[in-house]
1. Of everything in the stretch A:1-57, what is among the charged types (D, E, K, R) and touching a residue at least 40 places away in the same chain (Cβ under 8 Å)? Give them in sequence order.
2. Within the bounds of the stretch A:46-57, is there any residue that is over 27 Å from B:Val65 (Cα atoms) and either among the acidic types (Asp, Glu) or away from chain D (no Cβ under 14 Å) (or both)?
3. (1) over 24 Å from A:Thr64 (Cβ atoms); (2) at pLDDT 90 or above; (3) basic (Lys, Arg): which one isn't true of A:Arg311, the others all being true?
4. Which of the following residues is in contact with a strand residue (DSSP E or B) (Cβ under 9 Å, 6 or more places away or on another chain) and more than 10 Å from chain D (Cβ to nearest Cβ): A:Val267, A:Val300?
5. Since A:Tyr275 meets every condition but one in (1) within 15 Å of A:Tyr144 (Cα to Cα); (2) within 13 Å of chain D (Cβ to nearest Cβ); (3) in a helix (DSSP H, G or I), which condition does it not meet?
6. All but one of (1) surrounded by fewer than 16 Cβ atoms within 10 Å (Cβ to Cβ); (2) free of Cβ contacts under 8 Å to residues at least 40 places away in the same chain; (3) closer than 26 Å to A:Thr222 by Cβ hold for B:Leu13, so report the exception by its number.
7. I need every pair where a residue in the stretch C:32-60 that is on the phi > 0 side of the Ramachandran plot has its Cβ under 8 Å from the Cβ of a residue that is in a helix (DSSP H, G or I), sequence separation at least 6 or different chains.
Amino acid sequence: MTLLLDLILGLAVVGVAVWTLAVRENFPAVIGFVAYGLLLALVWVRLGAVDVALTEAALGAGATGVILLFAVVRLRGGRAEIDAATPGPRQRLAAGILCGVVGLALAVAVLSLPDPAPSQAAAVARHLPELGVANPITGVLMAYRGLDTLLEAVVLVFAVLAIWSMAPDRRWGAVPGPVFPVQSNGPLSLLARLLPPIGIVVGIYIAWVGADAPGGKFQGGTILAAMGILAWVAGLWRLPPVASRGLRWAVVAGPLAFIGVGLLGFVFADGFLSYPPAIAKPLILLIEAAMTLSVAAALVLMVAGPPEGRRA
Amino acid sequence: MAEALLLAAGLILLAALAGLYRALRGPAAADRMMAAQLLCSGGIGALLLVAAATGMAGVVDVALVLALLGAFASVAFVLAARGLSGR
Amino acid sequence: MIYGLVASALVALGLYGLVTQPALLRKVLAFNLLGGGVFLLFGVVAARGGDPVPQALVITGIVVAFAATALALVLVLRLFQITGAATIAEDETRR
Amino acid sequence: MEATPGGFLLVLILVAPVTGLLIGFAQGGRAAERIALWAAPLGVTMAMVLLAGVLHAQAPIVAFVGGWAPPLGLALRADGLAAAMLMTTAVIIAAITLFARADYTTLPGAPEARAPLAFWCFLLALWAALNAAFLGGDLFNLFVALEMLTFGALALACLDGRATQFKAELRYLLFALIGSVFYLLGTALLYGAYGTLDILLLSRTARSDAPTIVAASLMTVGLLGKMALFPLHLWLPAAHAGAPPAASALLSGLVVKASYVLLLRLWFWVMPAALLLAVAPILALLGAAAILFGSLVALRQARLKLLVAYSTVAQIGYLFLMFPLVAGSAAEVAERAWTGGALQAISHAFAKAAMFLAAGVIARGMGHDRIAGLHGAARVAPLSVLAFGLAGLSLMGIPPSGGFTAKWLLLQSALYAGQWWWALVIVAGGLLTGGYVFRVLSAAMRAPSPDFMPAAPVDARQERVALGLAIISVVLGLLPLAAFGLVLIGR
């Protein structure tokens, strides 16, 4: 039974991927990609990785789909140029063979992985009580491999600043992204008023529950960001200009809190990013809260893009 | 019981996939958006069944997130279809 | 393991798209398909050992991939706004 | 291996620039610039203390982040090679900070502008990323470091906001992203095979089985793409030559070295010796091709900055000659080759940073960078032309420069190891390098036409910075050979 389910899912994922690559227009390709992300989220549930399923659904399919969709709308035309640059059949065949070899080598490598598989599961579980959290993924992200997560949070700040810095000089200081007119009525306005209250609760819930069950800052932050984007595109919320100090502190609050707590570890525990067992959980929750805010802010800004309006 | 629920999940998924195949072919952009929406709904159904069958923690939350973002995706689509009529 | 093969197929497909699709937008899209395959490979590794560590690595990876996608799309859009070009083919004709 | 005292320094050298960047970005205005100015001497001091610590202990300094030992936790390790690279990075970043003040300063009271804010933030960002890449002891942590590096390098290179640059940088981004994906695929396979990504732990257990071989090939190809080894060099010249001078110096001098050090860690630490023996000649062959091809193409460039960028393609090639000379050689020969390779990475970093800065000053003073039209450059920017020439000495491998010592060590070990053909490549590469350096110098020394007018005044401070870096690249060769025993610590 489960084998059948896996087979269906696996074939569907590959099928949607092929369709996404093969379809000629951009718009359906992006729709195909969102479907691909949804199916992958189901695959992750089948693999028992619910945390990843949440991330894939929120970030992989949701947020990535939205920025791709926005990009499609703004990138119209160029068909002749694209056709001219299309590689000939011989090049395509060569590329196909090369990629096939890579795929085949990967398949062989995966099938010959050692049995029983090496695993850190026991070690991860053994030390969880010292951290006061029950979700092993959170333990890995916040403690054992905390440096990865810290650097990754910093990568988001990099991305925001890098995106902003692509703007023309004269736009610096302006509001990021296009400015949408206020939708006073219509379905968009209705949804933008109804959904965010629910979404904000869900987002905070997902971030909060992450300590003990699947969820966490990245997933929760993404949902909060989605609600912010909804209010923004409906014209109900104006993004602050890129010069806004408050906005920038919101983006860096998470990583800074992470570093701050990490440095406290030098004084109160054994080194950077080490938590005293007695207050490990409150500290982790503090970082997670700040990070949720920063992830949400960074994602909204990454979707909005470089400043486009006039200077504030 | 669990087996039956998983079977139902598989059937829902198959149905959603069949719809996906039809709807992705278009021809109108709205048809394609329907495809993603359909798969989203099917996914939510399948996830809830899997959650009931296996009792895995957090699977219901995945369905919840899909439901929220599904609504959100249709907004993005409406905007995109209108051409981001911003400025 | 079915998903190991699926992951390999997705990597091959994504790579093929990344190399052969001329339009930049489609290259970015193919990069994301490819990323899905890579992460799935981590998922297979995690599932084999019942190990949460690769799952955590995937979450980090997805966030980084999203940042890369957003950055790449902004570059693509800016290039299009300035020159009208949708590919990075060498342009002997235009210049 | 246990954590050692002094590990906090590894954390600080990583966290300090990150914190500076976050606060500088949030505060905006002049904050980032002032933080960078403070960070530069602090960074050099930290790197010096670290280097002294490694020398004193004659062993690597190790920190376990959060107190969690691998395989569960992450290790940061400063061996001799890492300490040397950290020092190189700190000095070059400090020099670029001085150089860039003329271009990216914000006057008190002036409104915040795009380019200065982005420049100072990403200077700190790149510095943090480089430190993370040299210190990282875990292959996935290194992946995150490489991504940080890519984003920072990309943003710096696009600072001028020109359309041609966007195209070049998109090509770079595609190469870098494919490289990252290949690298990441390899780490997935390695984790599946060994249950850890810690470099030292892997070095004890690695086997020559199918997953390991596939992982090694994927990761190697990915890293080679990121460091633009021939024939994966196509993105580099345009991406490096089109960036603002301070950014080009960072990209060509330092950023490619991060992937190189990672490649060394992969092959000389992680992979089993038998595998290395099979791959080393291939890598060296590609390196030799890069030297000859890059130098020949550099010789034919019409523009100064592109010439310098193609010279990077060639000089990267030298870094790979060390592989077959270290692998499977007697200890003494291997040590010589290893020292030569490491010294080549360091002296090229200084020389190439000097060259790009000098080329930037010359191009601004002349109003163009066409080599044929450089007559009078020596009058417009004398110190820069001198800096270009001195850096050229190091690239050619003329005594007493650091480049000479590096190439001499490689040459000797090639002869001792009975692989004389690499020696031929080194000599040929040096002659070709001489060709393109003299082409520039002879044009620059020529008297200008009577009605010649400089396009813009040249900033003397910028010239001195370029000259300072060039002098360092030469002086490295005057240090006694024993000083470079440093890079052997923890090998």
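The values are calculated or read from the model by the stated rules, or taken from the named source; none is laboratory data. Everything quoted here is computed from the prediction, not taken from an experiment. Positions of Cβ are generated from backbone atoms using ideal geometry, with glycine treated the same way; all protein chains shown enter the neighbour counts.
1. A:Asp6, A:Arg46, A:Asp51
2. Within the stretch A:46-57, the subset over 27 Å from B:Val65 (Cα atoms) is none.
So far as the stretch A:46-57 goes, no, none of its residues is over 27 Å from B:Val65 (Cα atoms) and either among the acidic types (Asp, Glu) or away from chain D (no Cβ under 14 Å) (or both).
3. For A:Arg311, the exception is condition (2).
4. Numbers: A:Val267 fails: in contact with a strand residue (DSSP E or B) (Cβ under 9 Å, 6 or more places away or on another chain).
Going through A:Val267, A:Val300 in turn, the sole match is A:Val300.
5. Status for A:Tyr275: all satisfied but (3).
6. (1)
7. From the stretch C:32-60, the pairs are C:Gly50/A:Ala121.
Yes/no per residue for (1) within 15 Å of A:Leu156 (Cα to Cα); (2) aliphatic (A, V, I, L, M); (3) not in a helix (DSSP H, G or I); (4) not assigned by TED's automatic domain parsing to the domain that holds A:Glu56:
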| site | (1), (2), (3), (4) |
| --- | --- |
| A:Thr222 | yes, no, no, yes |
| A:Gly228 | no, no, no, yes |
| A:Ala231 | no, yes, no, yes |
| A:Pro240 | no, no, yes, yes |
| A:Leu247 | yes, yes, no, yes |
| A:Ala250 | yes, yes, no, yes |
| A:Val261 | no, yes, no, yes |
